[in-house]
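Structure first, commentary second.
The values are calculated or read from the model by the stated rules, or taken from the named source; none is laboratory data. Predicted model only: the values in this text are computed from it and were never measured. Glycine gets a Cβ as well: all are built from the backbone with ideal geometry, and neighbour counts include every protein chain shown.
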Amino acid sequence: MTATLANLDRFNALAADWDDSPLRADIAHGVATAIAAQIPLRADMRALEYGCGTGLVSVLLAGRLGHIVAADVAPAMLGVLERKRRAAGLDQIETRRLDLTCEPLPAERFDLIFTSMTLHHIDDVTQMLGLFRDLLQPGGWVALADLDREDGSFHGPDVPGIMHQGFDRAKLVATLTGLDLQAVTATTAYTVEKCDPAGTPRRYPIFLITARRNPRDGG
Ligand SMILES: C[S@@+](CC[C@H](N)C(=O)[O-])C[C@H]1O[C@@H](n2cnc3c(N)ncnc32)[C@H](O)[C@@H]1O
């Protein structure tokens, strides 16, 4: 089974109960707070959240941005977000099914692209970051949140669709710099404290890495 199909099945099945987890809400709050601290958000910004799930981060940032395309491969996750969006009158969020690993780039360009806990499901992260760069307006920002490198105990052995056991921050920073992105920063957005599958208490930091496309880059 491909990574995309594994993720599609798993996240469609998890969607209805996704928002019941206080841990997921805490991670989203940490990531949204870190994004707002690192990037000068504006009410005229057009943003893309890639791998939005049920939109936990997008909903938190919606009041500070002009428009968010909230994109995900799993229709059931998008369905949960669509219901929340309508109930809360969040007209600035637009849900969209999208898989950039195998579909053409959307025609529009964005002032901000953010992604939280999704990159570890993407096989070729360097390619994905290149697509993010291409989707940015000159001067646009990218914000990446995911696990620091870990030993696989965060998800445990039986979870399908995990392509990376976290990431080395320095390598991701080097990849972004190699893509000609600027002003790269790396901070800790949140630290998950939970027991590993053996029952041992563990700490799993989640980074936020931000970078900016050169404002003089013609696209
Ligand atoms: C761990 S969840 C995180 C969801 C959300 N960002 C959050 O923090 O609650 C990962 C999300 O990435 C989505 N995903 C996995 N592979 C994807 C792909 N190739 N393209 C788009 N979304 C993908 C999954 O459907 C899932 O909603």
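Please work out if Arg42 is under 16 Å from His120 (Cβ atoms) and surrounded by fewer than 22 Cβ atoms within 10 Å (Cβ to Cβ). For Arg42, the condition - under 16 Å from His120 (Cβ atoms) and surrounded by fewer than 22 Cβ atoms within 10 Å (Cβ to Cβ) - is not met.
With respect to Val184, determine if the residue is of a type outside the set (Ser, Thr, Tyr) and surrounded by 15 or more Cβ atoms within 10 Å (Cβ to Cβ).
yes
Just checking, does the stretch 169-186 include any residue being within 27 Å of Leu5 (Cβ to Cβ) and in a loop (DSSP other than H, G, I, E, B)? No, that holds for no residue. What do you reckon, is Asp99 surrounded by fewer than 20 Cβ atoms within 10 Å (Cβ to Cβ), part of a loop (DSSP other than H, G, I, E, B), within 12 Å of the ligand (Cβ to nearest atom) and modelled with pLDDT of 95 or more? Yes. The residues in the stretch 110-136 that are outside any helix (DSSP H, G or I) and either touching a helix residue (DSSP H, G or I) at 6+ places or on another chain (Cβ under 8 Å) or in contact (Cβ under 8 Å) with a residue 60 or more places away in the chain (or both) can be counted, and the count is 12. When the stretch 16-33 is filtered for residues that are surrounded by 20 or more Cβ atoms within 10 Å (Cβ to Cβ) and small (Gly, Ala, Ser), the ones remaining, listed by number, are Ala28, Gly30, Ala32. Scan the stretch 1-22 for residues that are within 10 Å of the ligand (Cβ to nearest atom) and either small (Gly, Ala, Ser) or in contact with a strand residue (DSSP E or B) (Cβ under 9 Å, 6 or more places away or on another chain) (or both) and the total you get is 5. Scanning the stretch 51-91 for residues that are within 10 Å of the ligand (Cβ to nearest atom) and not in a helix (DSSP H, G or I) yields Gly51, Cys52, Gly53, Thr54, Gly55, Ala70, Ala71, Asp72, Val73, Ala74. Step by step: first the residues of the stretch 45-59, then only those that are surrounded by fewer than 24 Cβ atoms within 10 Å (Cβ to Cβ) and of a type in the set (A, V, I, L, M, F, W, C), then the one that is farthest from Arg96 (Cα to Cα). Which residue is that? Here the residue is Met45. Listed by first and then second residue, the pairs linking a residue in the stretch 172-185 that is touching a residue at least 24 places away in the same chain (Cβ under 8 Å) to a residue that is surrounded by 13 or more Cβ atoms within 10 Å (Cβ to Cβ) and part of a loop (DSSP other than H, G, I, E, B), with Cβ atoms under 7 Å apart and 6 or more places separating them unless they lie on different chains, are Asp180/Asn214; Gln182/Asn214. Give the stretch 154-201 a look and list any residue that's at pLDDT below 95 and small (Gly, Ala, Ser), or say none. Result: Gly156, Gly161, Ala183, Ala198, Gly199. Residue under question is Asn12, and the condition is that it be assigned to a helix (DSSP H, G or I), closer than 20 Å to Leu147 by Cα and over 14 Å from the mean Cα position of the chain (by Cα); does it hold? Spelling it out, it is not the case that Asn12 is assigned to a helix (DSSP H, G or I), closer than 20 Å to Leu147 by Cα and over 14 Å from the mean Cα position of the chain (by Cα).
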